[in-house]
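Beneath this line is the structure, given in structure tokens, with notes to follow.
The values are calculated or read from the model by the stated rules, or taken from the named source; none is laboratory data. Source: prediction; values computed, not measured. All Cβ positions, glycine included, derive from the backbone under ideal geometry; neighbour counts span all protein chains shown. Only protein heavy atoms, including side chains, enter the accessible area calculation; ligands, DNA and RNA are left aside. Shrake-Rupley method; radii C 1.70, N 1.55, O 1.52, S 1.80 Å.
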Amino acid sequence: MDTIFDIYLLEALINGLLFGGVLALLSLGLNLIFGVVDVVWICYAEVVMFGMYAIFWLHGVYDLPIVLAALLAIIGTGAMGFLVHFLVISPILGSAPINQLLATGGLLFFLQSFATLLWGIEFRNIGLRLPVLQWGELFFSYARLLAFGIAVIGMAAIYLFLTRTYMGTAIRAISQDREIMTLMGVDSRKVYLVTSVVGGSLAGLAASLLVLQYDVHPFVGLSFGPITFVICVMGGLGNMVGGFIAAFILSEVISIGGFYAELEWGYVAAFVLFIIVMFIRPEGILGKKS
Amino acid sequence: MTAIPQDTPVRRLERRHVAAAIVAIALVSVPILKTQSEWFAYPMHIMVLIMIWSLAYTSWSLMGRFGLVSLGHGAFMGIGAYVTALLWNYAGLTPWLGIPIALATVALVAFIVGYPCFRFRIVGHYFALVTLALSEIVRQVIMATRDYTGGSLGFTPTPHGDGFSLYALQFSDRAVFYYIAFVAWVFGLWVWRRVDRSMDRYALDAISEDEDASAAAGVRVTREKLKITILSAVLTGLAGILYMQYQQFISPDTVSGIAISLQIVFAVVAGGIYVMLGPTVGAVITILLAESLRVAIGTTMVGLDTTIYGLLLVLFIIFLPKGVLGGILEWWRNRAAAGRERADRA
């Protein structure tokens, strides 16, 4: 085998690893909401899209510092998470799961069209050019490295929040047994709202990492939404550690598939692998048997 | 007190048949009206679309009503449409042979995904999301093979003859397609009814209530689920083929992917999952709504029509969970029941 070939493959592997960090962060927010509220937000990627637009406008057009723009975007998507739960999810918490799935699916259409209405369908870029790092013969994009680092820090922060605070403990408890916890005096509605706000904020954090590498347009959510759901399911819906592992497995598959053929085939391979894994472990790689 | 009751089942049946016959005659005569006045051309086009989509929606509801929520029906539409069109363009195979091959492919894919799903008890959210992955696979394959399929730019079947080709199933006269779509739509309703009155329906109802109990009672769970899934998928594939032959253009955005899968589920839920004409009512509502918003708002504000559409969908789900037709029928039955109660008391 050629040495050049090996280096390119290594580069693809490392890029897959870095990409996995962002995917893991994306699936973390979705998993958190599913684990606690028991609703799959089909529109999660669209919340991320709004976060990306927020950063585009604040930083790219109004010249705010990027960190401040990202913080404002995180607050904004957190508020969106609040609104989604308060206006759409809470009125139908008692109805059939398919209706809950569909209500957020309707939001997907609404948010896409609303973004089209507000900002048109042009692809927009924040115009921030980050350097490319060279290490020996390997090249990495600084944006990816940064995204990976921040994603890991974000996940660690969520872990600390869930294990070290009272609210986090309540959230974990609710996700284990929602009937008992209300008897224990936990206000489940408050926990749901806090979870939705945290999940929305995580979408904003993911948005601020994605916007460094990708153009934003109203349909950008469709390019990473489905893979996010698949990661959550493959890890076991609601299981955050499982989602974390699945994110890295699938991002490597996508990256290696994209290395040998086109990127789309990488995605095809990832989705096929997901379906096969579901047949072997229907409850997800780390899900508990029900 | 021996007066003959006004509403014997026989009389009711007759009235329903008369109503159906009137509707059928009205529908069949639309193309004839069109030959008299061009004004009917646009409504006729909309009606063809409604009938083709109604077929897809009715097919989805075949399994959706038993709690098998598939988000993969966009994939079946896409496979049907693309296989037929690709065989025509690249192998010169007439749709008369291409359609059976495409439908067999759809059935095979439904089997490959369905069998393990049902065998290993993948239900609920998990089933919805596994089938969603199938939608994405088909969309990504279409994009990846863009050298043949045109990718997101779409695909046009090669024209054949001078606008009326039985061999290529291409008709520039929309009236021909109107009748084809009409027959297909009625066929879909007929299948729904056949399933509704079959033993399988009882088995599937039992399965959706309690899988373990019905398996213990002797229902072959995997087999029943697989049967309805393949039937539903094949009919959806047929709708995709009809759409392609009618529009003579397909793209991943119009016949595949998660957006189409969601659109299918939406329309059915908007109309009513559990009633025969629910999916058709859903198609009428969603297509008329989308078209009238598009016409009313025009091109001045891109996105406003779909924004309102999305908002209305969310409101529909929250406030009319049984769908429009389901809600109306329920209200009607409650009224009738209340009336009977009042009569009993008097």
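Miscellaneous remarks
- Pairwise FRET efficiency - B:Tyr202 versus B:Leu311, Cβ, R0 = 45 Å, nearest 0.05: 0.70
- Comparing the full protein assembly with the isolated chain, the residues of the range A:226-261 losing at least 10 square angstrom of accessible surface (1.4 Å probe) are A:Pro226, A:Phe229, A:Val230, A:Val233, A:Leu237.
- Nearest-20 debye value, chain A charge dipole, Cβ charges on Lys, Arg, Asp, Glu: 860 debye
- Taking the C-alpha atoms only, the angle from helix A:44-55 to the longest principal axis of chain A is near 60 degrees.
- For the range B:64-79, residues shielded by at least 20 square angstrom of accessible area compared with the chain on its own, probe 1.4 Å: B:Val69, B:Leu71
- DSSP H segments from chain B that extend 27 Å or more along their own axis, Cα-based, with Kyte-Doolittle mean of 1.0 or above: B:41-64, B:95-119, B:124-144, B:278-297
- Considering only B:Ala168, B:Ala336, B:Ala56, the mean-square fluctuation computed in a Gaussian network model of chain B, springs between alpha carbons under 10 angstrom, is largest for B:Ala336.
- Legend: mean number of C-beta atoms from other chains within 10 angstrom of residue C-beta atoms, peptide A:266-272, equals 5.
- Extension gain, B:Ala26 to B:Tyr167, is 47.8 nm, computed as 0.36 nm per intervening residue step minus the present C-alpha separation.
- Nearest-0.05 FRET efficiency for B:Arg146 and B:Glu38, computed from C-beta distance (R0 41 Å): 0.60
- Complex-versus-alone comparison for the range A:74-119, residues with a loss of 50 Å² or more in accessible area, probe 1.4 Å: A:Ile98, A:Asn99, A:Leu101, A:Leu102, A:Phe109, A:Phe110, A:Ser113, A:Leu117
- Peptides B:158-164, A:253-259, B:339-345, A:168-174 ranked from most to least packed by the mean count of surrounding Cβ atoms within 10 Å: A:253-259, A:168-174, B:158-164, B:339-345.
- Centre-to-centre, using Cα atoms only, the range A:257-281 and the range B:158-220 are separated by 31 Å.
- Residue (of A:Ile254, A:Trp265, A:Ile276) at the positive-pole extreme of chain A, dipole from beta-carbon charges: A:Ile276
- Farthest towards the positive end of the charge dipole of the range A:12-224, among the residues A:Leu209, A:Ala173, A:Ala24, is the Cα of A:Ala173, using unit charges on the Cβ of Lys, Arg, Asp and Glu.
- Remark: mean inter-chain Cβ contacts per residue of B:114-125 equal 4, using a 10 Å Cβ-Cβ cutoff to other protein chain atoms.
- Using alpha-carbon coordinates, inclination of helix A:221-235 to the longest axis of chain A, degrees: 70 degrees
- Using a Gaussian network model of chain B in which every pair of alpha carbons under 10 angstrom is joined by a spring, one finds that among B:Leu235, B:Leu71, B:Leu86 the greatest mean-square fluctuation is at B:Leu86.
- Largest GNM mean-square fluctuation among A:Leu101, A:Leu26, A:Leu17, using chain A with Cα springs under 10 Å: A:Leu101.
- Seen against the Cα atoms of chain A and their longest principal axis, helix A:3-37 is set at about 10 degrees.
- A viscosity of 0.890 mPa s and a temperature of 25 °C, combined with the Kirkwood radius over Cα pairs in Stokes-Einstein, give a translational diffusion coefficient for the range B:133-188 of 177 µm²/s.
- Rounded to the nearest 20, the size of the Cβ-charge dipole of chain B about its Cα centre is 800 debye, with Lys and Arg at +1 and Asp and Glu at -1.
- Heavy-atom accessible surface that A and B bury in contact, both chains counted, 1.4 Å, Å² to 100: 3900 Å²
- Accessible surface, the range A:12-224, averaged per residue in Å² (probe 1.4 Å): 41 Å²
- For the Cα trace of the range B:12-345, dividing Rg by the Kirkwood Rh returns an Rg/Rh value of 0.98.
- Peptides A:128-140, A:103-115, B:308-320 ranked from most to least packed by the mean count of surrounding Cβ atoms within 10 Å: A:103-115, B:308-320, A:128-140.
- Reference-scaled alpha-carbon Rg (2.2 N^0.38 Å with N residues) for the range A:12-224: 1.06
- Protein accessible area in chain B, 1.4 Å probe - carbon and sulfur %: 67 percent
- Under 11 Å from the A:Asp215 label point (7 Å along Cα→beta-carbon), backbone N, the range A:257-276: none
- Spatial offset of the range A:63-103 relative to the range B:99-148 amounts to 31 Å, using the alpha carbon center of each.
- Counting Cα-Cα pairs of the protein assembly as shown in 20 Å increments starting at 0 gives whole-percent bin shares of 18, 51, 27, 4, 0, 0.
- Each Lys and Arg Cβ is given +1 and each Asp and Glu Cβ -1; about its Cα centre, the protein assembly as shown then shows a dipole of about 1840 debye.
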